[in-house]
1. Of the residues that make up segment 36-45, is at least one under 29 Å from residue 12 (Cα atoms), touching a helix residue (DSSP H, G or I) at 6+ places or on another chain (Cβ under 7 Å) and part of a strand (DSSP E or B)?
2. Could you check, for segment 72-94, whether at least one of its residues is touching a helix residue (DSSP H, G or I) at 6+ places or on another chain (Cβ under 9 Å), farther than 23 Å from residue 115 by Cβ, modelled with pLDDT under 90 and surrounded by 13 or more Cβ atoms within 10 Å (Cβ to Cβ)?
3. Name the single residue, out of those in segment 58-71 being at pLDDT below 85 and in contact with a helix residue (DSSP H, G or I) (Cβ under 6 Å, 6 or more places away or on another chain), that is farthest from residue 115 (Cα to Cα).
4. Return a yes/no flag: does segment 128-138 have any residue that is surrounded by 11 or more Cβ atoms within 10 Å (Cβ to Cβ), assigned to a helix (DSSP H, G or I) and touching a helix residue (DSSP H, G or I) at 6+ places or on another chain (Cβ under 7 Å).
5. Among the residues of segment 94-104, is any closer than 25 Å to residue 20 by Cα, free of Cβ contacts under 8 Å to residues at least 24 places away in the same chain and in a helix (DSSP H, G or I)?
6. Can you say whether residue 55 is surrounded by 13 or more Cβ atoms within 10 Å (Cβ to Cβ), within 23 Å of residue 123 (Cβ to Cβ), modelled with pLDDT of 85 or more and touching a helix residue (DSSP H, G or I) at 6+ places or on another chain (Cβ under 7 Å), as far as the supplied structure shows?
């Protein structure tokens, strides 16, 4: 990868993190209606379901972390290793979260399975907790 490509990737990640943070903040503090209007290039307005905007935030967060976003059905079940990768933590930490009841799961034999929706809900709540702590510290 050339330096120019690296700079583009770094800038893309920065823009994605900023957009994710601003959209996520709007979703947390803005009106709680079902649909959201987005203005494209200052000319056209598009109505987007609120849930779709939440998915866009998740994709932007992945881009901001330098990863390619993926789309998974929320009814898909993940292993503890998959959840660890999604959250960016160790498998042992995920196991502790499951044992503490912080993320719902079911057992299949002696294996734990977590719905994508539950893992994403935990990640979203954890991100909100971190943002709130930072705001409290900032003042």
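The values are calculated or read from the model by the stated rules, or taken from the named source; none is laboratory data. Remember, predicted model here, so these are calculated numbers, not experimental data. Heads up, the Cβs are rebuilt from the backbone with ideal geometry, glycines too, and the neighbour counts pull from every protein chain shown.
1. yes
2. The answer is no, given that none of the residues of segment 72-94 is touching a helix residue (DSSP H, G or I) at 6+ places or on another chain (Cβ under 9 Å), farther than 23 Å from residue 115 by Cβ, modelled with pLDDT under 90 and surrounded by 13 or more Cβ atoms within 10 Å (Cβ to Cβ).
3. The extreme case among them is 66.
4. yes
5. There is at least one residue in segment 94-104 that is closer than 25 Å to residue 20 by Cα, free of Cβ contacts under 8 Å to residues at least 24 places away in the same chain and in a helix (DSSP H, G or I).
6. So residue 55 does not fit the description; no.
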